[in-house]
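The values are calculated or read from the model by the stated rules, or taken from the named source; none is laboratory data. Nothing here was measured: the structure is a model prediction, and the numbers come from that model. So basically every Cβ, Gly included, is an ideal-geometry build from the backbone, and we count neighbours across all protein chains shown. All accessible areas refer to the heavy atoms of the entire protein, side chains included, with ligands and DNA or RNA removed. Shrake-Rupley method; radii C 1.70, N 1.55, O 1.52, S 1.80 Å.
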Amino acid sequence: MTKTLVKAPFRADHVGSLLRPERIHQARKDFQKGNLTSQQLHEIETEEIIKIVDKQIEVGLQAVTDGEFRRRFWHTDFLEHLNGVEGYVPESGFAFKGEETERYDVRVIGKISFNPDHPHIKDFIEFKEIVGDRAVAKQTIPSPNQLFNAGIRNLEFYPDIEEYTNDVIQTYKDAIKAFYDAGCRYLQLDDVYIAGLNAPEIPFNDSGFSREQLIDLALRVVNGVLEDKPEDLTITTHLCRGNYRSKWAFEGSYAKIAPTLFAKEKVNGFFLEYDDDRSGDFGPLDYIPNDGPRVVLGVFTSKHGQLEDKENIKARVEEATKYVPLEQLCISPQCGFASTHHGNILTEEEQWEKLKYIVDVSREIWG
């Protein structure tokens, strides 16, 4: 059997989440009130996913997602369906610039393993059938490193971080195999945790480890997960500094992680946040190996609808070529448009206009 390699990330790509239409917001409210069954909610979500798959293809994207329309949050919906993990409402949300997030998180309540009946596998199979052969069906899941955030590991079950690390790695290896067996060939690991290791003060850390130890551990986790990755499965890492209702959580360049993670993480691509000054300059890209991972420059913002100046975008891509060859570069928004169900502060029309603009600009740069 011949294996077909997906040439992802694509020159014009996107992180994944899309603004939930009002129909989904209303359906969720009706479901919570008991006025809709779970099956009826699922059917409404499916109808809206069909629409946004068509729309992504219409604007010229080669990789399409389900917009994360069946999720409330980009990470908790996946993590809470792993064995040994539960979702809960903490006393406070996460502190973002000017806003506290909705209160919801996950915690470990037993030994961690992959749940073979994880709903996201079934969701992907249905999503892939919707896409067919018209585009590449891209799946997004939180990075395994998200399970190393403060307050998640349970010392009763995991007093030894090495045992915890090994179980997390095996859980994700099993998850990746399940997605692959379901037909997934383009998988993205969303990682706020690693991006946080760049921050002046490391957020979400209660391990007692130094920054250098945490960076080394984060690399070991991802590379451990990728150890048995099939050749024809493209896996990327998306690094984000927080995206909640157009607010951000922290800042800091990639300089502290680049010598380890950019140089040695065995992914096929990096989606990097470069939409404002919080991300620093392109200097850390010098650690990306030539002929190594593609680098997706998030030089467009998903936080507002105003279109970026085209000539400025071209100049920034040109600047990045000082460190990474042009043929190794791509462009995208810095993050999704709705990392949580709340969505960023822009309209659906502005969202689609921006995605089409990214496709158009990419054609001018790469042909």
inquiry  = Can you give me the accessible area per residue for the chain, using a 1.4 Å probe, in Å²?
reply    = 42 Å²
request  = Would you kindly state how much longer the chain becomes between ASP228 and LYS51 on full extension, computed as 0.36 nm times their sequence separation minus their alpha carbon distance, in nm to one decimal?
outcome  = 60.2 nm
query = Using the eigenvalues of the Cα gyration tensor, what equivalent ellipsoid semi-axes result for the chain when each is taken as the square root of five times the eigenvalue, whole Å, largest first?
reply = 27, 26, 21
Förster-model FRET efficiency, 51 Å R0, HIS25 and ASP160, C-beta, rounded to 0.05 = 0.70
inquiry  = If you roll a 1.4 angstrom probe over the protein chains with everything in place, what fraction of the accessible area of the chain belongs to carbon and sulfur, to the nearest %?
reply    = 47 percent
task = Excluding residues fewer than 8 places away in the same chain, name every one of the lysines whose C-alpha is closer than 22 Å to that of LYS322.
result = LYS256, LYS264, LYS310, LYS314
key: Ranking by accessible area, most exposed first, for LYS256, LYS177 with a 1.4 Å probe   = LYS177, LYS256
